[in-house]
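Chemist: If you scroll down you'll find the structure; I have some questions about it.
The values are calculated or read from the model by the stated rules, or taken from the named source; none is laboratory data. The shown structure was predicted, so the numbers you read here are calculated from the model rather than taken from an experiment. Methodologically, a virtual Cβ is constructed for each residue, glycine included, from the backbone with ideal geometry; neighbour enumeration extends over all protein chains shown.
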Amino acid sequence: VDAERVQFPIPANVHAETVVSVKHYTDRLFSFRVTRPQSFRFRSGEFVMIGLPNAEKPVFRAYSIASPSWDDEIEFFSIKVPDGPLTSELQKIVPGDTVLLRQKSTGTLVLDALTPAKRLFMISTGTGIAPFASLVRDPETYEKFEDVILTHTCRDHAELAYGEELFDQSANDPLIGELANGRLTLYSSTTREISPRMGRITRLMESGMLYTDLGIAPLNRETDRVMICGSMHMLQDVKALVEAAGFEEGSNNKPADFVVERAFVG
Ligand code: A2P
């Protein structure tokens, strides 16, 4: 038993879950999986507040749930900020450690906030891919949309690994593989390291490169819906781009053409 943990009792109304596995991708990115409380329900694409039992009043931050709603573990994909109030400590977790989860999940990157259409574009940068890691592994995504195009842009190639693994896993999963086969596309690019595909997603959309690269029709409100997750500036720029194409922002109460959520930072 860790002495530090004995000193700080678990706050009321939070789940105390056990870290099952941790994977470090780069010195800036890592993912981890924790046990799932039996009573914890969420919709794919939502976020939950998480913290560590390392203080009397633990610091909680919003984290998108990266695992699908049918999974018996909960996965997160996180940035590491050296002096971040939570991530400076969170990045040190190992299997067996405890992570705190608040009980209610919420969020706008959910299928319910979009009206029906043919194609779903999921536009992400950095850890903004996390909610989409949940959604591309949810059968409901393929019930609602014929084609799913996931874009992921990072500074360098090593940061794209999480998305590439996700794509391979989804393709090989007995449940999802069959649904995703030929319908799920991963389009990744780098901005600071030379790679086969370079550029910010905004530029790749504006220039039409995204569509010519994939051999698909350009973005069209009649056929398409869009989900966006990344840094604040990325959200602003992609949002402006889809609004210029006539898309209207949706919400849980009023489903429409696109939805936006800021990726966790700090
Ligand atoms: P860039 O390298 O040109 O800044 P970060 O790790 O800083 O969150 O960035 C993740 C990715 O998002 C990077 O490839 C970055 O490109 C890109 N990015 C940053 N700001 C924007 C923006 N306003 N619009 C589109 N992409 C952006």
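Chemist: For region 177-266, which strands (runs of 3 or more DSSP E) that fit wholly inside it have 3 or more residues that are among the hydroxyl-bearing types (Ser, Thr, Tyr), surrounded by 15 or more Cβ atoms within 10 Å (Cβ to Cβ) and in the same structural domain as Gly128 (by TED's automatic domain parsing)?
Modeler: So the answer is 184-190.
Chemist: To continue, here is another question. Six or more apart or on different chains, Cβ under 6 Å: which pairs go from a residue in region 111-126 that's touching a residue at least 40 places away in the same chain (Cβ under 8 Å) and buried (at least 21 other Cβ atoms within 10 Å of the Cβ) to one that's β-branched (Val, Ile, Thr) and part of a helix (DSSP H, G or I)? Could you list them?
Modeler: Pairs that qualify, where the first residue is touching a residue at least 40 places away in the same chain (Cβ under 8 Å) and buried (at least 21 other Cβ atoms within 10 Å of the Cβ) and the partner is β-branched (Val, Ile, Thr) and part of a helix (DSSP H, G or I), are Ile123/Ile201; Ile123/Val238.
Chemist: Looking at region 72-90 only, could you name the residues that are among the aliphatic types (A, V, I, L, M) and within 16 Å of the ligand (Cβ to nearest atom)?
Modeler: Ile79, Val81
Chemist: Quick one: count up the residues across region 189-227 that are farther than 21 Å from Gly246 by Cβ and either basic (Lys, Arg) or near the ligand (Cβ under 10 Å from one of its atoms) (or both).
Modeler: 9
Chemist: Another one. Can you find a residue in region 232-248 that is of a type in the set (Lys, Arg) and touching a helix residue (DSSP H, G or I) at 6+ places or on another chain (Cβ under 9 Å)?
Modeler: Looking through region 232-248, none of the residues is of a type in the set (Lys, Arg) and touching a helix residue (DSSP H, G or I) at 6+ places or on another chain (Cβ under 9 Å).
Chemist: May I ask you to say which residue of Lys118, Lys92, Lys80 is at pLDDT 95 or above and over 21 Å from Pro58 (Cβ atoms)?
Modeler: Being at pLDDT 95 or above and over 21 Å from Pro58 (Cβ atoms) holds for just one of Lys118, Lys92, Lys80, which is Lys118.
Chemist: Does Ile10 meet the test of being surrounded by 17 or more Cβ atoms within 10 Å (Cβ to Cβ) and either within 27 Å of Ser251 (Cβ to Cβ) or not aromatic (Phe, Trp, Tyr) (or both)?
Modeler: No.
Chemist: So, one more: With a cut-off of at least 3 residues that are outside the structural domain of Thr202 (by TED's automatic domain parsing), name the helices (runs of 4 or more DSSP H) lying wholly within region 52-169.
Modeler: Passing ranges, in order: 87-90.
Chemist: Tell me, yes or no, whether region 23-35 has at least one residue that is touching a strand residue (DSSP E or B) at 6+ places or on another chain (Cβ under 7 Å), at pLDDT below 95 and not assigned by TED's automatic domain parsing to the domain that holds Ser170.
Modeler: No, region 23-35 contains no residue that is touching a strand residue (DSSP E or B) at 6+ places or on another chain (Cβ under 7 Å), at pLDDT below 95 and not assigned by TED's automatic domain parsing to the domain that holds Ser170.
Chemist: Select, from Pro53, Pro68, Pro82, the only residue that is in contact with a Ser or Thr (Cβ under 9 Å, 6 or more places away or on another chain) and without any contact (Cβ under 8 Å) to a residue 24 or more places away in the chain.
Modeler: Every option except Pro82 fails the conditions.
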